[in-house]
Amino acid sequence: MRRLLAWLATVAIGILVLALSALFAVMQSPEERHFPEDRTRGLAHPVPHDIETHIDCNRCHLPEKIFPYPSDHTGFPEDGCTECHRPP
Amino acid sequence: MRLGSFSRMHVPAFLRGAFWLGLYLALVLAPLFVLLAGKTPPGRGFWWEFSSALGYAALSMMGIQFALTARFKHATAPFGIDIIYYFHRLISLLTFVFIALHLGFLSLASPRYVLTMLSPFTTSWTGRAALAAVVSFVLVLVFSLWRKGLGISYERWCLWHGILAVAAVAFAIVHIEGAGYYITAPWKRILWTIYALFWIGLLVYVRIMKPAVLLRQPYAVETLRKERGNAWTLTVRPEGHKGLSFRPGQFAWLTLGKSPFAIEQHPFSFSSSAAHPELLSFTIKELGDFTRTIKNTTIGERVYLDGPYGSFSVDRHRAPGYVFIAGGVGIAPVTCMLRTLADRSDRRPLTLIYATRTLENATFREELKALQTRLNLSVIQVFEEPPENWHGETGYPTIDVIKRCLPEERKNFHYFICGPDPMMDMVEAALYKLGVPMGTFHSERFNIV
């Protein structure tokens, strides 16, 4: 019986860890959640520089670059920044 | 009355068990909550993040394995230390599953990245640390699961188990410090450092502090007596201290003729009466590398004891009567309980079903007969190879044998089972089929690896 309880405790811990890890992954990956695009359109910060000479947003705004996009932008299309962020 | 004994008397075992299990869960899940707290760096996709979180959890579980085997008396008491070690083994397997998922999910997110990481020639030093951690951990598992098949002695296994486990955790810490994606915030780095120090502290406690305490409480071998069934009874006397008091049926970890700092320790049940702690006896059967050398012990030799441990005791399970089912040297803790009950002039009804291969192999045969005159005890012996003209039980303690031997008036009795693993499995299944409530039968298994 005690061995059975040890098994059950191990399974419960496994499920909890998996659930919490998945929750963390979802929170860090908003593409897994539904974001209606029209809700954010026009509300985003304007681009603080010109976009004629800075064509490729990913050169500076990927996670490992100097000005990374915020965590809740994970999963947004890489070429879709100007859908919401417009030049001044 | 000491505070410890007061708390043990008034807090039910299941509540204490729930508390320790809750604390374990909190320690395992803490890194995940830390990951979720505060400002996090940008995400890298669902599978990548799922993989990261599982990696952190796996490291946390690896580190807390040191706590499970640190033999904290209060933490192990509600469960029994044999189950803590069994749980330690299950958690190792679960940790391995999480490490495999960590790699698997990372492959889903970026197969090329994982291929680069897996090659020790192309990967970074962080990747090499991860590989070293995985290899060390896999070796820990392989050596533990198949020690006997691989022909590794228990003593050598103890040494390598410790070295590889420490290596696995150390390399994994280097890996996350190097990868460092989620511990860039200073407070998170401090928390992880505290967590790592906690694991190191556990090692220091187990390997230095605890043996240092034992060093001041040595024992000396008083007598060594040959018993029936290829067993020896080793009796030790405390030297310069009061010794330890224990509950009948408990056991201690014994280090013989060496410093208490030696890695090699062996668990043995007390076989002497708990009413006489001034002389402690252990009955040890010649079964393995260490136990075969017990006969070479010399009188006066230095011994160190870490104990007592275990919840396999009549004192932990009050009942109107008891049934003991023992096989082979499993009679040792049962004899300890019977001797103690006799010394206390206990008159509750007791039944002992004792299975051995032959009559000659029945350890304590004569003493059990003598104990029947001091206790309300009936002894039923079961022989695999019965002597001529034997009219008693034969074979193994099967359901039919147990059914015949159990006393008719046994309501609310508790059952204690100790012997070889297959016998205990058989007896537990038989008792369950006979309608004995699961909470009333107790067993202790020493076959840790």
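The values are calculated or read from the model by the stated rules, or taken from the named source; none is laboratory data. On a predicted model such as this, the values are computed, not experimentally measured, just so you know. A quick note on method: Cβ atoms are made from the backbone with ideal geometry, for glycine too, and the neighbour counts reach across all protein chains shown.
The set of residues in the stretch B:358-397 being surrounded by fewer than 14 Cβ atoms within 10 Å (Cβ to Cβ), without any contact (Cβ under 8 Å) to a residue 40 or more places away in the chain and part of a loop (DSSP other than H, G, I, E, B) consists of B:Thr358, B:Asn376, B:Glu384, B:Glu385, B:Pro387, B:Glu388, B:Asn389, B:Trp390, B:His391, B:Gly392, B:Gly395. Out of the residues in the stretch B:39-73 that are of a type in the set (Gly, Ala, Ser) and assigned to a loop (DSSP other than H, G, I, E, B), state the one that is modelled with the highest pLDDT. Here the answer is B:Ala70. In this structure, B:Val142 does satisfy being outside any loop (DSSP other than H, G, I, E, B) and either basic (Lys, Arg) or modelled with pLDDT of 90 or more (or both). The criterion of being part of a helix (DSSP H, G or I), among the aromatic types (Phe, Trp, Tyr) and more than 10 Å from every other protein chain (Cβ to nearest Cβ) holds for B:Tyr113. Residues of the stretch B:85-110 that are of a type in the set (Val, Ile, Thr) and buried (at least 20 other Cβ atoms within 10 Å of the Cβ): B:Ile91, B:Thr95, B:Ile99. Within the stretch B:128-152, being within 17 Å of B:Thr116 (Cβ to Cβ) and surrounded by fewer than 18 Cβ atoms within 10 Å (Cβ to Cβ) holds for one residue alone: B:Leu131.
The criterion of being of a type in the set (A, V, I, L, M), surrounded by fewer than 15 Cβ atoms within 10 Å (Cβ to Cβ) and more than 23 Å from B:Ser272 (Cβ to Cβ) does not hold for B:Leu202. Restrict the check to the stretch B:406-422 and report whether at least one residue is in contact with a strand residue (DSSP E or B) (Cβ under 9 Å, 6 or more places away or on another chain), assigned to a helix (DSSP H, G or I) and crowded, with 19+ Cβ neighbours inside 10 Å. Within the stretch B:406-422 (the criterion being in contact with a strand residue (DSSP E or B) (Cβ under 9 Å, 6 or more places away or on another chain), assigned to a helix (DSSP H, G or I) and crowded, with 19+ Cβ neighbours inside 10 Å), the answer is no, since none of the residues qualifies.
Among the conditions (1) part of a strand (DSSP E or B); (2) in contact with a Leu (Cβ under 7 Å, 6 or more places away or on another chain), B:Ser272 misses just one, which is (1). Pairing residues of the stretch B:46-59 that are farther than 16 Å from B:Ile173 by Cα with residues that are among the charged types (D, E, K, R), at Cβ distances under 7 Å and at least 6 apart in sequence or on separate chains, gives B:Phe46/A:Glu32. B:Leu36 - would you say it is modelled with pLDDT under 85, within 9 Å of chain A (Cβ to nearest Cβ), more than 33 Å from the chain's Cα centre (by Cα) and surrounded by fewer than 19 Cβ atoms within 10 Å (Cβ to Cβ)? The answer is yes for B:Leu36. Which one of these is within 26 Å of B:Met423 (Cβ to Cβ), surrounded by fewer than 22 Cβ atoms within 10 Å (Cβ to Cβ), among the β-branched types (Val, Ile, Thr) and touching a residue at least 24 places away in the same chain (Cβ under 8 Å): B:Ile294, B:Ile325, B:Ile284, B:Ile299? Checking each option against the conditions leaves just B:Ile294. B:Ala100 fulfils the conditions (1) within 27 Å of B:Trp47 (Cβ to Cβ); (2) away from chain A (no Cβ under 14 Å) except for a single criterion, (2).
Among the residues making up the stretch B:65-82, a single one is surrounded by 22 or more Cβ atoms within 10 Å (Cβ to Cβ) and of a type in the set (Val, Ile, Thr): B:Ile81. Among the residues of the stretch B:281-317, those identified as in a loop (DSSP other than H, G, I, E, B) and in contact with a Gly (Cβ under 7 Å, 6 or more places away or on another chain) are B:Glu301, B:Gly310, B:Ser311, B:Phe312, B:Ser313. Annotation for the stretch B:74-88: at least one member residue is closer than 30 Å to B:Phe312 by Cα, in a loop (DSSP other than H, G, I, E, B) and within 9 Å of chain A (Cβ to nearest Cβ).
Remark: pairs (first residue in the stretch B:216-241, among the hydroxyl-bearing types (Ser, Thr, Tyr); second residue not in a strand (DSSP E or B); Cβ separation under 6 Å; 6+ apart in sequence or on different chains) = B:Thr235/B:Leu279. Contact annotation: residue pairs with Cβ atoms under 8 Å, 6 or more positions apart or on different chains, pairing a residue in the stretch B:336-357 that is over 15 Å from B:Ala326 (Cα atoms) with a partner that is surrounded by fewer than 20 Cβ atoms within 10 Å (Cβ to Cβ) and basic (Lys, Arg), are B:Leu341/B:Arg348; B:Ala342/B:Arg374; B:Ser345/B:Arg374.
The single condition among (1) assigned to a helix (DSSP H, G or I); (2) at pLDDT 95 or above; (3) touching a Cys at 6+ places or on another chain (Cβ under 9 Å) that B:Gly330 does not satisfy is (2).
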